[in-house]
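Let me begin by presenting the structure, written as C-alpha cells, before commenting on it.
What follows draws every value from the coordinates through simple rules; no lab data is involved. Because the structure is a prediction, the values reported are computed rather than measured. Positions of Cβ are backbone-derived with ideal geometry, glycine not excepted, and every protein chain shown enters the neighbour counts.
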Amino acid sequence: MHQRLSGPQSKQENPSNFDNAQFLLQFFKYTILKGPHIHKEVRIVREMAQLLKSGAAPDRETPRGSGEGVLLIPGLAAGDYTLSFLRHYLSLAGYKTYASGIVSNVLPADTILPSLEEKIDLIYAETGKKVSIVGHSLGGAMGKLLSDRKPDKVQQVIGLGPVFNQYIGISPSLFCIMLPIAAYDIARFGREILEKELGLFKGLSKPAKVPLSSIYSKSDGVLTFKSCMRGDSENYEVNSTHVGMAVNKEVFKLVAELLHKGYKAPKARIHY
C-alpha cells in the first residue's frame with residue numbers, strides 16, 4: 001500500500017523569482033548543508049539480489065497494459081542498460097517499451113531533448129496512443145521537460161527518484177562526480193551551455209501540462225526526497241535506495257499500477 005502525499009507548494013512554483021546566482025546558491029545550500037549520505041546506497045546489493053532471486057516478471061496481481069508505448073529515460077551518467085530490468089518487466093506486463101538511445105547521460109539536456117522529442121513522435125505514430133514517460137533521477141526531469149514540449153503526445157510522466165523541482169538537494173559525493181561532467185560539457189559546447197542548462201532546470205517549476213507521479217524514498221542516498229516532490233504531482237513513498245529503484249520490484253509494480261491508472265482512468269484536467 002503506497003501513501004499518496006502532496007508535494008511542497010511554495011514560491012518555487014515561479015522560476016522567475018530566481019536569477020542564476022540565487023539558483024546556484026540554493027543548489028550549494030541543499031548539496032553541502034542538507035545533502036543525503038551516499039552510504040545509504042550500499043543496500044543496492046540486497047535489492048539486486050532480491051530481484052535476481054525472484055525474477056523480473058510481474059505477478060498475477062499486476063495490472064496489464066494493452067500495447068501502450070512507454071519511453072524509459074536513465075539518470076545522470078547512466079545508460080539505457082540500467083533500466084533493462086524495468087523494461088523487461090513492463091514488456092511482460094503488456095506495454096511496448098522503448099529505450100531512450102542514451103549510452104551515458106552526461107551531455108547537456110539541451111542537446112539530448114530534441115532526439116527524445118523525435119522519439120516521442122515516432123512512438124505516438126507507431127502505437128496511435130499518447131506516450132508515457134518513465135524517468136529515473138535526471139531522466140525524470142528530462143521527462144517533465146519533454147512533457148512541457150509535447151503535452152499533446154504525452155500521457156503522463158512517472159519519475160523514479162526524479163528531479164522534479166529546482167531545489168536539487170544531492171549527495172556531496174554525487175556533486176564531485178558532476179563537476180568533471182560539467183567541465184567536459186563546457187569544454188565541448190562552450191560556457192553558454194551552462195546558461196542554457198540553468199534556464200532549463202529552473203523551468204522545472206513551471207506548472208505541469210500532463211499528470212506527474214513521483215516515486216521517492218526517504219532512505220535515498222543520492223537525492224534529497226523533497227527534490228522529488230511538487231505541489232502538482234502525485235507522490236508515492238517506497239522503501240528503496242536511489243540507484244536501487246531501477247532493480248526494485250516494489251517500484252516496478254507501482255510503475256505498472258500508475259501506467260494502468262493513467263490509461264484506464266479518465267484523465268484529470270490540468271489547467272495551464
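Got a sec? How would Phe164, Phe201 order by Cβ neighbour count within 10 Å, fewest to most?
Values: Phe164 30, Phe201 20.
The fewest-first ordering by Cβ neighbours comes to Phe201, Phe164.
Under 12 Å from the Cβ of Ser173, count the other residues' Cβ atoms, weight Lys and Arg +1, Asp and Glu -1, and hand me the total. Spell out each step's value before the answer.
Numbers: positive: Lys40; negative: Glu41.
Net charge in that neighbourhood comes out at 0.
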Point to revise | Dipole of the stretch 22-150, positive direction: furthest Cα of Ser104, His88, Ile120, with charges on the beta-carbon | key: His88
Study note, to complete from the structure: Of the residues Gly161, Pro74, Tyr236, the Cα lying farthest along the dipole of the stretch 4-263 towards its positive end, which is defined by charges on the beta carbon of Lys, Arg, Asp and Glu, belongs to Tyr236
Check your understanding: If you take every DSSP beta bridge whose two residues both sit in the stretch 4-263, what share of them, in percent to the nearest 5, is antiparallel?
Key -> 15 percent
Check your understanding: By how many nm would the segment from Arg149 to Leu25 grow when fully extended, if each residue of separation counts as 0.36 nm and the alpha-carbon distance is taken off?
Key -> 41.8 nm
